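Here's the structure we're looking at; comments come further down.
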Amino acid sequence: MKAVTTILVASLTFASTDAFVQPTGHSRAAHTSLAAEPLESGSTVVVCTGPTCSRTGGKKALPIMKELAADIEVNVETFSCVSECAECGLGPNVEVRKKGDDGPFYPIKNRVKTEDDVKAVLGIN
């Protein structure tokens, strides 16, 4: 019980700090822009199909992504996150793997819900 209490107190202490506060003068929109250069053939997008992302619009965006990505020969994969990543609250999320990128970390686009969002991620005008 003591270990659980220590972890809980440490978590609450960290969460109450300014670690999650954005610096003054920065807008959230600037950090989550969906706009991208057109993806070249052979690139891959990975759409989260976990419970949070599906519930917040990912389930509706997936068929749109598949249709539009096929037109430009971009691969669409899915991954079912278990709602434990730091990005879940910003979902639906899409990881963008440009052809030639070797990872292991790829950019993640947040709040990809509509056809316009999907076009922006794919770089389609």
Open item on the list: Quick test of your reading of the structure: R55 fulfils all but one of (1) without any contact (Cβ under 8 Å) to a residue 24 or more places away in the chain; (2) in contact with a Leu (Cβ under 6 Å, 6 or more places away or on another chain). Name the failing condition by number.
Closed with: (2)
Open item on the list: If E87 satisfies all but one of (1) touching a strand residue (DSSP E or B) at 6+ places or on another chain (Cβ under 8 Å); (2) under 16 Å from V121 (Cα atoms), what's the number of the condition it fails?
Closed with: (2)
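Sort through V76, V112 and tell me the only one that's touching a residue at least 24 places away in the same chain (Cβ under 8 Å) and closer than 16 Å to S33 by Cβ.
The conditions single out V112.
Bear in mind that the values in this text are calculations on the coordinates, not laboratory data. Remember, it's a predicted structure, so these values are computed and weren't measured experimentally. Every residue, glycine among them, receives a Cβ derived from its backbone with ideal geometry; neighbour counts consider all protein chains shown.
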